[in-house]
Amino acid sequence: MINDAHCHFFSPQFFGTLARQQLAMRPAPSAMVAASASEICRQLQWDDPVAVHTLADRWVAELDRHGVNRAVLMASVPGDEPSVAEAVARHPSRFVGFFMLDPSATDASDRARRALDELRLRGICLFPAMHHVALTDDRVRRIVELAAERPGVTVFVHCGVLTVGVRRKLGLPSHFDLRLGNPIEVGSLALAFPNVPFVIPHVGAGLLREALIAADTCANIHFDTSSSNSWIRYTPGLTLDAVLKAALAVVGPSRLLFGTDSSFFPRGWQKGVYDTQRRIVDEAGVSTADAALIFGGNFERLFPSG
Ligand SMILES: [Zn+2]
């Protein structure tokens, strides 16, 4: 059974937000040209999601095509919680809803409360480098407290290198402060909130050593294996095989969550990421039972159905 712990739900609202950001950058005369979600999709040569329900159905068909049981869908701009909530409500047995939250927003706590209590989303996604809020900041602590008060809510923290391909393609600025995504600081939070499961995606996205140290000292830190993990090129000679073996040696199989980082159509679900990681796990001599945890069982434990 395959479950994917890291997919992005690129909703009409997501593209609409990018359209507004692109419009704001244009000089006055061309700003008169209406920017729309469909226009953005045309520029990217990606399929227009059209509506949340059509995109949700397309995701189900895509998961079915590849034999994937369930997937985390992440609202990928702040404020897009309702889109993912609608997708989850339409297909509750297939999707788990996560949402990006900007802790510097004045309504961050209210927004998180609503997303968790009313919209039934189950993961809060923090991008400290993007939102310029340190993990040591009280505003982050207050958000994590909301997760601590609600069993079953996971906190996802992007660390290390952060690039948002879609922003780059559209020429949108990305003023990310990479000093702010240090897994060691996730460790401090995870120690303070031992009952909250934390997920560090891409095994630290370049900060592998720090991610391993943090996870070794905090049993509530998990890694997701998603994306092509091209950050391995920052360490000469490093391979994904070695990364996954190191992660297995330090945290064991029960804290690794398979993920792809799939996002747009027509590309759809990234089977290539799965094939690579499945080969690595098989060749590493991981037992069938442990491999089943990585590719699906740990997901089921963190996000039980129903
Ligand atoms: Zn991602």
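The values are calculated or read from the model by the stated rules, or taken from the named source; none is laboratory data. The structure displayed is predicted, hence computed values, not measured ones. Quick reminder, even Gly has a Cβ in these numbers, built from the backbone with ideal geometry, and neighbours come from all protein chains shown. Accessible surface is based on the protein model in full, side chains and every heavy atom, while ligands, DNA and RNA are left aside. Shrake-Rupley method; radii C 1.70, N 1.55, O 1.52, S 1.80 Å.
For Val155, state whether it is assigned to a strand (DSSP E or B), in contact with a Phe, Trp or Tyr (Cβ under 7 Å, 6 or more places away or on another chain) and among the aliphatic types (A, V, I, L, M). It is true that Val155 is assigned to a strand (DSSP E or B), in contact with a Phe, Trp or Tyr (Cβ under 7 Å, 6 or more places away or on another chain) and among the aliphatic types (A, V, I, L, M). All of Asp261, Asp290 fail the test of being of a type in the set (D, E, K, R), under 16 Å from His158 (Cβ atoms) and crowded, with 17+ Cβ neighbours inside 10 Å, apart from Asp261. Say whether the condition of being touching a residue at least 12 places away in the same chain (Cβ under 8 Å) and more than 16 Å from the ligand (Cβ to nearest atom) is met by at least one residue in the range 154-169. No, because not a single residue in the range 154-169 is touching a residue at least 12 places away in the same chain (Cβ under 8 Å) and more than 16 Å from the ligand (Cβ to nearest atom). None of Asp48, Asp110, Asp64, Asp102 is touching a Ser or Thr at 6+ places or on another chain (Cβ under 7 Å) and acidic (Asp, Glu) except Asp48. Looking only at the range 69-80, decide whether some residue is away from the ligand (no atom under 16 Å from the Cβ), part of a strand (DSSP E or B), within 17 Å of the chain's Cα centre (by Cα) and crowded, with 16+ Cβ neighbours inside 10 Å. So far as the range 69-80 goes, yes, one or more of its residues are away from the ligand (no atom under 16 Å from the Cβ), part of a strand (DSSP E or B), within 17 Å of the chain's Cα centre (by Cα) and crowded, with 16+ Cβ neighbours inside 10 Å. The number of residues in the range 207-236 being in contact (Cβ under 8 Å) with a residue 60 or more places away in the chain and more than 16 Å from the ligand (Cβ to nearest atom) comes to 1. Looking at the range 284-298, can you tell me whether even one residue there is of a type outside the set (Phe, Trp, Tyr), away from the ligand (no atom under 16 Å from the Cβ), closer than 18 Å to Val96 by Cβ and not in a helix (DSSP H, G or I)? So far as the range 284-298 goes, no, none of its residues is of a type outside the set (Phe, Trp, Tyr), away from the ligand (no atom under 16 Å from the Cβ), closer than 18 Å to Val96 by Cβ and not in a helix (DSSP H, G or I).
Against the test of being touching a residue at least 40 places away in the same chain (Cβ under 8 Å), touching a Phe, Trp or Tyr at 6+ places or on another chain (Cβ under 8 Å), open to solvent by 20 Å² or more (accessible area, probe 1.4 Å) and farther than 15 Å from His6 by Cβ, the options Arg122, Arg58 yield a single qualifying residue, Arg58. Out of Val273, Val250, Val281, Val243, one residue alone is out of contact with any Pro (no Cβ under 7 Å at 6 or more places or on another chain) and either outside any helix (DSSP H, G or I) or within 16 Å of the ligand (Cβ to nearest atom) (or both). It is Val273. Answer yes or no as to whether Ser83 is touching a residue at least 60 places away in the same chain (Cβ under 8 Å), touching a Ser or Thr at 6+ places or on another chain (Cβ under 9 Å) and surrounded by fewer than 22 Cβ atoms within 10 Å (Cβ to Cβ). Answer is no for this residue.
Within the range 191-213, the residues that satisfy the criterion of being of a type outside the set (D, E, K, R) and over 23 Å from Glu149 (Cβ atoms) are Pro201, His202, Val203, Gly204, Ala205, Gly206, Leu207, Leu208, Ala211, Leu212, Ile213.
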